[in-house]
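Participant: Encoded as structure tokens, here's the structure I'll be asking about.
The values are calculated or read from the model by the stated rules, or taken from the named source; none is laboratory data. Keep in mind that this is a model prediction, so the values were computed, not measured. A quick note on method: Cβ atoms are made from the backbone with ideal geometry, for glycine too, and the neighbour counts reach across all protein chains shown.
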Amino acid sequence: MVGNVCEKCGLPKELCVCEVVERETQKIKAYVTMRKFRKPVTIVEGVNKDSAKTVVKELKRKLACGGSYKEGNIELQGNHLRNIKGLLVKLGFDEEQIEVE
């Protein structure tokens, strides 16, 4: 029974809403920076470390690009500012908390 209980809230995992609450309260910032050889890289800051791996995997799949999670930021190869906000909203993040520069 202990394995079926959330460590944060103590509720059964079927009823746990910790992840949903965390996604709605996060402040996310997305911007593009230039790297070596004038290659654009889209940086997404503010995604929780616990959910970052699944978010990176889904963004890479939807945007058809490479990327990784480094130093608390998601790094995606290329300029994806046009699409990033819509994809993050579809993944469950609050639209008002996402800032795109």
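Participant: Answer yes if at least one residue in the stretch 8-19 is in a loop (DSSP other than H, G, I, E, B), at pLDDT 85 or above and not polar (S, T, N, Q), and no otherwise. Walk me through it before giving the result.
Facilitator: Here is the first cut: in the stretch 8-19, the residues in a loop (DSSP other than H, G, I, E, B) are 8-11, 13-17.
Right, trim to at pLDDT 85 or above and you get none.
No - not one qualifying residue is present in the stretch 8-19.
Participant: For Glu19, are the conditions met, namely being loosely packed, with under 12 Cβ neighbours inside 10 Å, among the acidic types (Asp, Glu) and out of contact with any Pro (no Cβ under 8 Å at 6 or more places or on another chain)? Break it down stepwise before answering.
Facilitator: Values: loosely packed, with under 12 Cβ neighbours inside 10 Å: no; among the acidic types (Asp, Glu): yes; out of contact with any Pro (no Cβ under 8 Å at 6 or more places or on another chain): yes.
In short, no.
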